[in-house]
1. If we count GluC sites (Glu not before Pro) as exposed when they sit in a DSSP loop and have at most 15 other beta carbons within 10 Å, what is the longest stretch of chain B that avoids them all?
2. Could you please state, rounded to a whole Å, how far the C-alpha centre of the range B:1-75 is from the C-alpha centre of the range A:75-110?
3. Rounded to the nearest 100 Å², what is the buried accessible area between B and A, both sides summed, probe 1.4 Å?
4. Of A:S26, A:S70, A:S53, which is the most mobile in a GNM of chain A whose springs link Cα atoms less than 10 angstrom apart?
5. B:A73 to B:T90: extension gain in nm, 0.36 nm per residue of separation minus the Cα-Cα distance?
6. Only Cα pairs under 8 Å and at least 6 apart count here; give the relative contact order of chain B as a rounded whole percent.
7. Would you mind getting the accessible area per residue of chain A, heavy atoms of the protein chains only, 1.4 Å probe, in Å²?
8. Mean projection of the alpha-carbon convex hull of the range B:1-54 over all orientations, in nm²?
Protein chains: 2
Amino acid sequence: MAGAAIAVTPEPPYYAVIFTSIRTPSDGGGYALMSDVMVVLAAAQPGFLGVDSAREEVGITVSYWRDLESISAWKRNAEHVVAQRTGRATWYECYSTRIAKVERDYSFQR
Amino acid sequence: MAGAAIAVTPEPPYYAVIFTSIRTPSDGGGYALMSDVMVVLAAAQPGFLGVDSAREEVGITVSYWRDLESISAWKRNAEHVVAQRTGRATWYECYSTRIAKVERDYSFQR
């Protein structure tokens, strides 16, 4: 648990990409590495604000972005395009991607 | 993995409530039960469209709703208010709640 943190984002409005997925039983070994690389790469993109991720039966990754243009650019990023293609070919049984405008947020900290 | 599924939602626009949290080390034993009850109760509310949830270090629950009025009504639901209060008192180290309007979505199914 040490070091765990949730994404800290600026005042709304900003955008969320909600990526929900179910994995295939076998991944050919490349999934964990590609997943880590994608997080590092996403964080380096213009307009990236933060990301949270968790997986049990269902995996949920929510990334936060300044605007729709930043999201479109990340979707077209060459390495990301390869990851998306491999995801459909190998890693994912199914997934949904939702683009949403965050209108309000509030936080609690003990 | 059998039986796992991700939320199926209608055509946008609709709303997402993105609840991201980190648990306290100890929960007094009531967390799992209250969490299950809240999902069942939420699903019975007017305007509820679906929910996905996963927890590792960070927990993410995304619930989907028809409109902001449905979200407000659920936030004020009496049992839910008790759960929110107990969450702040006992279960959560920290959390963020984000209200977001889903503008676009797309899905992949093997």
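1. Numbers: sites that count: B:E56, B:E57.
Answer - B:1-55.
2. Taking the Cα centre of each part, the range B:1-75 and the range A:75-110 sit 18 Å apart.
3. 4700 Å²
4. Looking only at A:S26, A:S70, A:S53, the biggest GNM fluctuation is shown by A:S26.
5. Working: separation 17, 0.36 × 17 = 6.12 nm, distance 2.39 nm.
That pair, B:A73 and B:T90, stretches by 3.7 nm at full extension.
6. Once normalised by length, the contact order is 45 percent.
7. Using a 1.4 Å probe on heavy atoms only, each residue of chain A averages 51 Å².
8. The orientation-averaged projected area of the Cα hull of the range B:1-54 comes to 5.3 nm².
The values are calculated or read from the model by the stated rules, or taken from the named source; none is laboratory data. Given the structure is predicted, the values throughout are model-derived calculations rather than measurements. With ideal geometry, Cβ positions are generated from the backbone for all residues, glycine too; neighbour counts draw on all protein chains shown. Heads up: the accessible areas ignore ligands, DNA and RNA and are worked out on the full protein's heavy atoms, side chains in. Shrake-Rupley method; radii C 1.70, N 1.55, O 1.52, S 1.80 Å.
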